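Notes follow once the structure below has been shown.
The values are calculated or read from the model by the stated rules, or taken from the named source; none is laboratory data. Remember, predicted model here, so these are calculated numbers, not experimental data. We place every Cβ from the backbone using ideal geometry, glycine too, and count neighbours over all the protein chains shown. SASA here: full protein model, heavy atoms, side chains in, ligands and nucleic acids out. Shrake-Rupley method; radii C 1.70, N 1.55, O 1.52, S 1.80 Å.
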Amino acid sequence: MNSNIIKSIAGLALLAASLGAYASTYSGECTDKPKSEWKSTTDIKAHFEAQGYTVGKIKASGSCYEVYAKDKDGKRVELFVSPADASVVGRAGTK
């Protein structure tokens, strides 16, 4: 095989592995409220920033918001949040 192809395959494998380490792991429900009663992502961001998090991305996934942030110590966290009341119902990597 050509060495450039091998390097490309190795690079793609490393990328896939690193993305998998930060992938969603929560499979529960966060709320049964309709989306019309959900807090906005802006409100969710403000809620967590007031607690000392540095919030990056927030996305809706099923009945949850996934909040990608850094905690007060600078550690990356992925929180599964009820969009109805901003309560944390799960964390990536924990059960």
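Here are a few things to note about the model shown:
- Förster radius 22 Å - calculated FRET efficiency between residue 87 and residue 60, Cβ distance, rounded to 0.05: 0.90
- Here residue 89 sits with roughly 60 square angstrom of accessible surface, probe radius 1.4 Å.
- Net charge over other residues, Cβ less than 11 angstrom from the Cβ of residue 57 (K, R count +1; D, E count -1): 0
- With the whole protein complex present, residue 88 retains an accessible surface near 70 Å², based on a 1.4 Å probe.
- Measuring r between the beta carbons of residue 36 and residue 70 and using R0 = 22 Å, the FRET efficiency lands at 0.10.
- Accessible surface, 1.4 Å probe, highest first, among residues 63, 40: 40, 63
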